[in-house]
Amino acid sequence: MKQCVFWFVTGSQHLYGEETLKEVAKHSEEMVNYFNQREEIPFEIVWKPVVKTQGEITNLFKDASGDENCAGVITWMHTFSPSKMWINGLKQFKKPILHLHTQFNEEIPWDTMDMDFMNTNQSAHGDREHGFIFTRMGIARKVIAGHYKNETVIKRMARWLKVARAAYLGDEIKVMRLGDNMRDVAVTEGDKVEAEIKFDWSVDYYAVGDLVERMAQVTDAAIDEVMASYKERYEFADDVLADEAKYGAVRYQAKIEVALRAMLEEGGYNAVVDTFQDLHGLKQLPGLAIQNLMADGYGFGPEGDWKVAAMTKVMNIMADNKGTSLMEDYTYNLVPGQEGILGAHMLEVSPAIAASKPRIEVHPLGIGGKEAPARLVFDSKPGKAICVSLIDMGGRMRLIIADVDAIELPHQLPQLPVARAYWIPQPSMTEGTEAWIYAGGAHHTIFSYELTAEDLIDWAEMMDIEYVHINKDIHMTQFKKELQLSEILWKLK
């Protein structure tokens, strides 16, 4: 994907005189240098000269729009920059914007402050004028307030930059569909044209036969290379190493991976879907092959669920391929005081969420009518996490975000050889699951330890889509009213 940078734009005006403007420029350069020295800031921040007129502002935003490496703009009003000057530039700028509400000095210089200092250092004044025009024009942006060296400010900036990159790179999200959606399932359907209009995602169809044909070209040497990588990354179950047929099942997954990875790379795809109802010509449902691709950052959706495949890729971009995976709510523990959700999937949970080194095993699947597939078996780790679902509401998209507490599995699962996670929804099992159902959340989700609800809310606002946040503070009566109001508001948009 493209290398991304972010432009830092400081606003002022000619009213203050040349000496003041030189000081403004010096301060903003020092701030940018500080950001670029911080390891937490993941991208280069590019300083731009202070803008003082409508023409300068408009030209800057035109240049930022045309620069393919510029993923967004950070704005800061060191002094007072009349916001009518910003209207033309903002009207034509569509990339993410962060309004950094800060100032150069951390503490008021109580003993020495005079009117010259006040006129030069008036971010509290200038940023309010700047914030008004965004609100007046209805432009989505992120506001982060605090001194620019504050650790919390730095961390929030770093997270926003990653989200902004994911939003900007939407046009590079390409999903390869192997076959169609699972028959008769509603939530995996969706408007692919709307997804391209709203998110810039490309969702393209390929026949499973295309994969089968490509597999026929895979050499033993290529399979051996992938098998070597499996041995580095994962453990092999003893019976797999001892049983020729089971070891052959692992090699078959490696063969699928070689062919599928080649197709993805040649087509520029970074996410893929399949369905167990369309496996014609395949001996196994892709399992280990998909899991290993997901470990490398590819998105995936089962049963033809291209929305979850694309969102898995989006969230992997935000999370730097860490702690994020496809997930599915499978079954509940409803013993009073011990309630929880067991999440898993037939095969395709990413090892990125594993608590320990995953193990390759081979077992019958019991669905799909194919040979026993190789897969990675592991438990996920405990920690704070989110579950995310993107659903098509007919004419609009809704993003549902739920805060959950992942815990260690309370019991072993010796008869369930799949990757699995266990969590408790907030604010409780009852309210969390009821809210999810009321919101229309799907059974397929993206589960992430690395990301927070704030990250996904930022992304939803950048994409101009509805979002719902299920958390410890929800009250069911109010939550249902919020859904009703949201329905009305988004239909009016």
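Taking Cα centre as origin and charging only the Cβ of basic (Lys, Arg, +1) and acidic (Asp, Glu, -1) residues, the dipole magnitude of the chain rounds to 760 debye.
May I ask you to compute the full-extension gain from MET113 to ASP224, defined as 0.36 nm times their residue separation minus their alpha-carbon distance, rounded to one decimal in nm?
Details: separation 111, 0.36 × 111 = 39.96 nm, distance 7.17 nm.
This chain segment gains 32.8 nm when fully extended.
For the chain, the longest principal axis of the alpha carbon atoms and the long axis of helix 306-319 meet at an angle near 50°. If you model segment 286-354 as an ellipsoid using its alpha carbon gyration tensor, with each semi-axis the square root of five times an eigenvalue, the axes come out at 24, 13, 11 Å, biggest first. Checking every one of the trypsin sites (Lys or Arg not before Pro) in segment 354-389 against DSSP loop status and a limit of 15 other Cβ atoms within 10 Å picks out LYS370. Of the cross-linked pairs LYS2/LYS322; LYS2/LYS493; LYS307/LYS370, those separated by over 23 Å at the C-alpha level are LYS2/LYS493; LYS307/LYS370. The residue list TYR206, GLY383, GLN338 was ranked by how far each Cα lies along the charge dipole of segment 173-492 toward its positive end, using unit charges on Cβ atoms, and GLN338 comes out on top. Find the percent of Cα-Cα distances in the chain that exceed 31 Å, and round it to a whole number. Summing the P(r) tail past 31 Å for the chain gives 50 percent. Dipole magnitude for segment 296-431: computed about the Cα centre from +1 point charges on Lys and Arg Cβ and -1 point charges on Asp and Glu Cβ, it is near 280 debye.
Indicate, rounded to the nearest 5 percent, the antiparallel portion of the DSSP beta bridges found entirely in the chain. Rounded to the nearest five, the antiparallel share is 45 percent.
Among the chymotrypsin sites (Phe, Trp or Tyr not before Pro) within segment 90-139, those in coil by DSSP and having at most 14 neighbouring Cβ atoms inside 10 Å are TRP110.
Helix 18-37 and the long axis of the chain differ in direction by around 20°, with both axes built from C-alpha atoms. The slack between ASP238 and GLN478, meaning 0.36 nm per residue of separation minus the straight C-alpha distance, is 81.0 nm. Between GLU487 and HIS280, the FRET efficiency estimated from the beta carbon spacing at R0 = 45 angstrom works out to 0.65. By the count of other C-beta atoms within 10 Å, a proxy for reagent exposure, VAL185, VAL32, VAL362 are ordered fewest to most as VAL185, VAL32, VAL362.
Among the GluC sites (Glu not before Pro) within segment 10-42, which fall in a DSSP loop and have no more than 11 other Cβ atoms within 10 Å of their own Cβ? Spell out each step's value before the answer.
Details: sites: GLU18, GLU19, GLU23, GLU29, GLU30, GLU39, GLU40; in loops: GLU39, GLU40.
Passing both the DSSP loop test and the Cβ count: GLU39.
With a threshold of 18 Å on the Cα-Cα distance, the over-threshold entries among LYS142/LYS384; LYS142/LYS192; LYS246/LYS357; LYS174/LYS255; LYS95/LYS162 are LYS142/LYS384; LYS142/LYS192; LYS246/LYS357; LYS174/LYS255. Against the chain, whose longest principal axis comes from its Cα atoms, helix 220-233 is set at around 70 degrees. Quick check: from the Cα gyration tensor, does segment 5-170 come out rounded (a/c under 1.5), prolate or oblate? Cα axes put segment 5-170 in the oblate bin.
Only the coordinates and a few stated rules stand behind these numbers; no lab work does. Worth saying up front: this structure is predicted, and the values here are computed from it rather than measured. Virtual Cβ from ideal backbone geometry, glycine too; neighbours counted across all protein chains shown.
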